[in-house]
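Novice: Quick one: this structure, given as structure tokens, is what I'll be asking you about.
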Amino acid sequence: MKTHITTTVNGEPEEFLCETEQTLLDILRDELNLTGSKEGCSSGDCGACSIILNGRLVCACLVLAVEAEGQKIETIEGMADGEELHPLQKNFLKDAALQCGICTPGFLIAAKALLEKNLNPTEKEVRYWLAGNLCRCTGYDKIIRSVLNTAEEMRRK
Amino acid sequence: MSTRIFGERVQRNNDERLLTGGGRYVDDIPLSGALHVAFVRSPFARAQIISIDTSIAKEHPGVIKVYTYKDIGNLDVEMPLLIPHPALHSPKTQRPLAHDDVFYVGQTVVMVVAIDRYVAEDAARLVDVEYSDPFNCSIEIEEAVLDDAPLVHPDVPNNVAAHCIQVSGNPDKAFQEAEHYTKLKVRVDRSTAAPMECRAVAARFDAVSGELTVWDGTQAPISVRGGIASIFNLDEDKVRVIAPDVGGGFGQKVLLFYPDELLVPFAAMDLDRPVKYIEDRTENFLGSTQERTQIHDVELAATKDGVVLGLKDNFLHDTGAFIPYGIAVAQVASTGILGPYRIPNSRVEYKAIYTPIVPVTPYRGCGRPHACFAIERAMDQLADELGLDRFEVRRRNLISEDEFPYERPNLLFADGLAVIYDSGQYAKALDMIIEKINLDEFNTQQKAAAQEGKYLGLGLSFYVEATGIGPYEGGHIKVHPITGKVYVNTGLTTQGQGHETVFAQIVADQLGVSPEDVILVEGDTGAFDWGVATYASRAAVVSGNAIHLAAQKARKIVLDAAGNMLEASVDDLELGGGEVRVRGSDVSVSLAAVATACNPLRYAFNEAAQAATQFAPAARSDEPALGDGRAPGVETTAYYAPPHATWAYGVHAAIVEVDPGLCSIDIKRYICVHDCGNMINPTIVEGQVMGGVAQGMGGAFYERVEFDSEGNPRNANFMDFLVPYATEVSQIELHHIETPSPLNPLGVKGVGEAGTIPVAPVIASAIEDALKPFGIKRLHHVPLSPNSIYEALQESGGDFNSKL
């Protein structure tokens, strides 16, 4: 039997029906057509499906869709403000902090969660915070620089 | 004339989509009503299938069909051997679904198709496959090759798939004349590419048009198309293969065919419904190909001054249970072993060995990291044995600038062509890295650190990489008559390397447009279907030059037409800002208008089109609308086939601090000097090198796919198989040298794999240097773990603990 879930996704009220075993990642992707969150491992090890659930960074592959009842979900699709990219997105673009792009939404969401907690992180703090996100293309350095650059920019504003 | 865009740090022009969640990878393609595939995989390395009972699975609600080998008709055949070779005397490839025997844990046995992935996976567990008792097996290549070893394939003695000997010069004479011999045995363990997007295939068959569309996260869409058409006996034009956004490949996705690449299209046609298979991470470890295990026995014959006269290498290469990609990896290793060194006499012999584990095909580096580890560890050892400086020994053996092109007589590379190094400035690279390291400062620091009980070490390694091999690629260019935007196609495809940007730069220079107005569509046989694939660091070299040639042809068409339109001599025209201008005047015509005018029109649908209709003054003549041999529009195609590989190279160094108590390693500095010829875009080159170095660090420290003695994978997930995290990869200092390749018009060399190649020997060299005070034994086995360093220290004898 399907369960009816009412939730908020990227600031908009959203409801869906799901089976109890369905992950939030699958519902986001397959039912709500929010395919920006990616499946990299389905075991919470790679961070490609990172979303923010009630202000907390989580892997959507480890959350059951039924657990989303009454929760606030933020995904990559809600990160830009309309046409205006989030400062992290702008800097990733400028700093070439992505290659194949499949881990990128997860990195952006994770970095956003970090900067919402701490706008003045050290390089080490950024590296450890993002250690839950795997990337096989970039070697991480450009991502780390980009997050640090963004933090600095946002502090100045 | 605008400034040259080639060589500029142009911002990657495909990223905004990817940054906002708009990437379209196979699993993101909306396919309404798609069915999902799950596989039943072998739980044994070697066993015989006694029976398969699918009855319960078939009854499971939501299951559409369950396929065994009996249900796949003509597909029940051994899949193609992609690259045959005379030395590959016993090639074995697998069937899409196991028929009698299984050959590795993870081999596909049964395919379940169901309404969704959950149901398909549940039902796969309900299939009852009865196996014989598992057969004895040997997963260690040194054991597998022995006379009494259990056989993976009963008709392949000693498990030897291929045996190859390559000799250059006169190695026996060199070994007789030498004054010093350096012998060592090195080993690189099994690894896997682990792209962040696992493999994925989706297919839809249109029964009305008879067209089959396949979305495949592959590096080789055109080749997949050719294979599918051939195996299913369809016209090529009825099969369209699209590699959409692909989440990394690193070689794993160049193999065709994986069973799913045939079975998913088969099911889509059989069931007349869209079907998709999204591999999960565990399956990527079980069913997608891996690489790396080689054991090299190397001997150098040298003079007392450290000049290497000859090399002998005898190595074993693990090819896993099958060898669908031929011996490419071993062949690349067998020629790469000589590195950037002159070494005029060599004898390299190898055997490719079957083991009942996941098959082996190229992974970023493709034999080069193994060969580089062997020769660079040998050079360090030679230096130590002769009491010479490691840098100096290398200097005495480097091929010098005036020796290019440098041919290694009688050696054949993996493409079957001669080994001819085309250009390089090896000594300059060595000088540069010495300068960047600041050796004097390091020596001081090392001594000072030792006073405080800290152990600093310096390591280095050269590498060479034969890149940009053939056979060929094409470039197709069309200037859009309405917008003036330039559409570009090539046959190979990207997995994130930035083709959209670098190819746009090449075209922008010829047609005077902004790179943003160049739109690349690749990896889609519906857009362009001549070419091969992305492998061997070849896209910039082979497709890049093809696109360059096509752009030159387009430029000529544009100039000729604009000359007519502006009533000016072609010599007086310049292209820039999306228009053609008469130099020094304000007389110009837009590229869009030129493209429109080049297409004789009947209907005037806009202002520009009015100028191109039959009754427009410019077009009126008694001649046919298109002259003899002319095609409409500004549209060109060109192909580029390299004469042979172009050789990139570089040298890396690292300064590490080792804590001998914890056996932990801190990389203080990592420095690269590299040369990939003329750089199209330094930002993109940096990204390639840095990503490569990160993967190399994985190979140096972490990435080891482990199997137990019965062939069961022990770390088939990201919790246990470690790849470097953001916390592990240090900052990388990058320095460029640009020695143009004389082989191609753009003077470029490939860079995709370069970064990965020398990292393991750099790290091993640095750790050895740091732990010299302990008389540490040589580090000849990667990946290096704290355990292996601890063991090496224990074996170093005596006073290890007292020195802590």
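The values are calculated or read from the model by the stated rules, or taken from the named source; none is laboratory data. Being a predicted model, the structure only gives us computed values, none of them experimental. Backbone-built Cβ (ideal geometry, glycine too); neighbour counts: all protein chains shown.
Novice: Go through the range B:347-366 and give me each residue that's farther than 27 Å from B:T108 by Cα and crowded, with 24+ Cβ neighbours inside 10 Å.
Specialist: Matches in the range B:347-366: B:V348, B:Y350, B:G365.
Novice: What pairs come out if I take residues in the range A:112-133 that are away from every other protein chain (no Cβ under 12 Å) and pair them with residues that are part of a loop (DSSP other than H, G, I, E, B) and hydrophobic (A, V, I, L, M, F, W, C) whose C-beta lies under 6 Å away, six or more apart or interchain?
Specialist: none
Novice: Which residues, counting only those in the range B:187-212, are among the polar types (S, T, N, Q) and surrounded by fewer than 22 Cβ atoms within 10 Å (Cβ to Cβ)? Lay out the reasoning, then the answer.
Specialist: First pass over the range B:187-212, keeping only residues among the polar types (S, T, N, Q): B:191-192, B:209.
Correct list: B:S209 only.
Novice: Which of the residues belonging to the range B:245-292 are of a type in the set (G, A, S) and at positive phi?
Specialist: Once the filter is applied, which keeps residues that are of a type in the set (G, A, S) and at positive phi, the range B:245-292 yields B:G248, B:G251.
Novice: May I ask you to list the residues in the range B:180-202 that are more than 14 Å from every other protein chain (Cβ to nearest Cβ) and in a loop (DSSP other than H, G, I, E, B)?
Specialist: B:D189, B:R190
Novice: Then there is this: Pick out, from the range B:504-612, the strands (runs of 3 or more DSSP E) lying fully within it that include 2 or more residues that are farther than 30 Å from B:A648 by Cα and not aliphatic (A, V, I, L, M).
Specialist: Ranges flagged: B:573-576, B:579-582, B:588-590.
Novice: Follow-up. Name every residue in the range A:111-134 that is buried (at least 23 other Cβ atoms within 10 Å of the Cβ) and touching a helix residue (DSSP H, G or I) at 6+ places or on another chain (Cβ under 7 Å), in order of residue number.
Specialist: A:A111, A:V126, A:L130, A:N133
Novice: Pull up the range A:62-74, narrow it to residues that are in a helix (DSSP H, G or I) and crowded, with 24+ Cβ neighbours inside 10 Å, then point me to the one that is farthest from the other protein chains (Cβ to nearest Cβ).
Specialist: A:A68
Novice: Hey, another quick one. Based on this model, can you work out whether B:D272 counts as under 25 Å from B:Q497 (Cα atoms), surrounded by fewer than 23 Cβ atoms within 10 Å (Cβ to Cβ) and not β-branched (V, I, T)?
Specialist: Considered against the rule, which asks whether it is under 25 Å from B:Q497 (Cα atoms), surrounded by fewer than 23 Cβ atoms within 10 Å (Cβ to Cβ) and not β-branched (V, I, T), B:D272 comes out as no.
Novice: Another question, then. On the given criteria, is B:G677 within 30 Å of B:A414 (Cβ to Cβ), out of contact with any His (no Cβ under 8 Å at 6 or more places or on another chain), within 14 Å of chain A (Cβ to nearest Cβ) and in contact (Cβ under 8 Å) with a residue 24 or more places away in the chain?
Specialist: On the way: within 30 Å of B:A414 (Cβ to Cβ): yes; out of contact with any His (no Cβ under 8 Å at 6 or more places or on another chain): yes; within 14 Å of chain A (Cβ to nearest Cβ): no; in contact (Cβ under 8 Å) with a residue 24 or more places away in the chain: yes.
Criteria not met by B:G677.
Novice: Would it be correct to say that B:I667 is at pLDDT 95 or above, farther than 30 Å from B:A45 by Cβ and over 18 Å from the mean Cα position of the chain (by Cα)?
Specialist: For B:I667, the condition - at pLDDT 95 or above, farther than 30 Å from B:A45 by Cβ and over 18 Å from the mean Cα position of the chain (by Cα) - is met.
Novice: Does B:T501 fit the bill of being closer than 30 Å to B:V589 by Cβ and either within 14 Å of chain A (Cβ to nearest Cβ) or of a type in the set (S, T, N, Q) (or both)?
Specialist: Yes: the conditions hold for B:T501.
Novice: Taking the criterion of being part of a helix (DSSP H, G or I), at pLDDT below 95 and surrounded by fewer than 20 Cβ atoms within 10 Å (Cβ to Cβ), would at least one residue in the range B:765-772 satisfy it?
Specialist: yes
Novice: Please go through the range A:1-28 and pick out each residue that is away from every other protein chain (no Cβ under 11 Å) and either among the aromatic types (F, W, Y) or out of contact with any helix residue (DSSP H, G or I) (no Cβ under 7 Å at 6 or more places or on another chain) (or both).
Specialist: Passing the criteria: A:M1, A:K2, A:H4, A:T6, A:T8, A:V9, A:E12, A:P13, A:E14, A:E15, A:F16, A:L17.
Novice: May I pose another question? What residue, among those in the range B:726-740 that are surrounded by fewer than 20 Cβ atoms within 10 Å (Cβ to Cβ) and closer than 16 Å to A:R136 by Cβ, is nearest to the other protein chains (Cβ to nearest Cβ)?
Specialist: Among those that are surrounded by fewer than 20 Cβ atoms within 10 Å (Cβ to Cβ) and closer than 16 Å to A:R136 by Cβ, it is B:T727.
Novice: Further question: Could you list all residues from the range B:452-486 that are assigned to a strand (DSSP E or B), within 26 Å of the chain's Cα centre (by Cα) and aromatic (F, W, Y)?
Specialist: Those that are assigned to a strand (DSSP E or B), within 26 Å of the chain's Cα centre (by Cα) and aromatic (F, W, Y): B:F462, B:Y463.
Novice: Can you find a residue that is in contact (Cβ under 8 Å) with a residue 12 or more places away in the chain, surrounded by fewer than 24 Cβ atoms within 10 Å (Cβ to Cβ) and hydroxyl-bearing (S, T, Y) anywhere in the range B:218-225?
Specialist: First, pick out the residues of the range B:218-225 that are in contact (Cβ under 8 Å) with a residue 12 or more places away in the chain: B:218-225.
Still in the list and also surrounded by fewer than 24 Cβ atoms within 10 Å (Cβ to Cβ): B:223.
Right, trim to hydroxyl-bearing (S, T, Y) and you get B:223.
Yes, that holds for at least one residue.
Novice: Identify the single condition in (1) closer than 16 Å to B:C198 by Cα; (2) surrounded by 22 or more Cβ atoms within 10 Å (Cβ to Cβ) that A:G44 does not satisfy, given that it satisfies every other one.
Specialist: Here A:G44 meets the rest and fails (2).
Novice: Filter the range A:32-49 down to residues that are under 14 Å from A:L130 (Cα atoms) and in contact with a Cys (Cβ under 6 Å, 6 or more places away or on another chain) and give me whichever is nearest to the other protein chains (Cβ to nearest Cβ).
Specialist: Ranking the candidates gives A:A48 first.
Novice: Kindly indicate whether A:G132 is under 15 Å from B:G687 (Cα atoms) and within 15 Å of the chain's Cα centre (by Cα).
Specialist: When the stated conditions are applied, A:G132 does not pass them.
Novice: Let me ask another. Listed residues A:E125, A:E152, A:E77; which is under 14 Å from the mean Cα position of the chain (by Cα) and assigned to a helix (DSSP H, G or I)?
Specialist: A:E77
Novice: State all residues of the range B:43-90 that are among the small types (G, A, S) and touching a helix residue (DSSP H, G or I) at 6+ places or on another chain (Cβ under 9 Å); if no residue qualifies, say none.
Specialist: Matches in the range B:43-90: B:A57, B:G62, B:G73, B:A87, B:S90.
Novice: Moving on to the next point. Report whether or not B:S709 is out of contact with any helix residue (DSSP H, G or I) (no Cβ under 6 Å at 6 or more places or on another chain), more than 14 Å from chain A (Cβ to nearest Cβ) and without any contact (Cβ under 8 Å) to a residue 40 or more places away in the chain. Break it down into steps so the answer makes sense when it comes.
Specialist: Working: out of contact with any helix residue (DSSP H, G or I) (no Cβ under 6 Å at 6 or more places or on another chain): yes; more than 14 Å from chain A (Cβ to nearest Cβ): yes; without any contact (Cβ under 8 Å) to a residue 40 or more places away in the chain: no.
Criteria not met by B:S709.
Novice: If the requirement is being surrounded by 22 or more Cβ atoms within 10 Å (Cβ to Cβ), under 25 Å from B:G755 (Cα atoms) and modelled with pLDDT of 95 or more, which of these qualifies: B:Y406, B:Y472, B:Y463?
Specialist: Residue meeting the stated conditions: B:Y463.
Novice: Another question, if that's okay. Any residue in the range A:104-111 that is at the interface with chain B (Cβ under 7 Å from one of its Cβ atoms) and part of a loop (DSSP other than H, G, I, E, B)?
Specialist: no
Novice: Is there any pair linking a residue in the range B:372-391 that is in the same structural domain as B:S765 (by TED's automatic domain parsing) and among the small types (G, A, S) to one that is in a helix (DSSP H, G or I) and surrounded by 18 or more Cβ atoms within 10 Å (Cβ to Cβ), with Cβ under 7 Å and at least six apart or on different chains, and which?
Specialist: B:A383/B:R390; B:A383/B:V393
Novice: Being within 14 Å of chain A (Cβ to nearest Cβ) and surrounded by fewer than 24 Cβ atoms within 10 Å (Cβ to Cβ) is the filter; apply it to the range B:28-46 and report the residue that is nearest to A:A80 (Cα to Cα).
Specialist: B:D28
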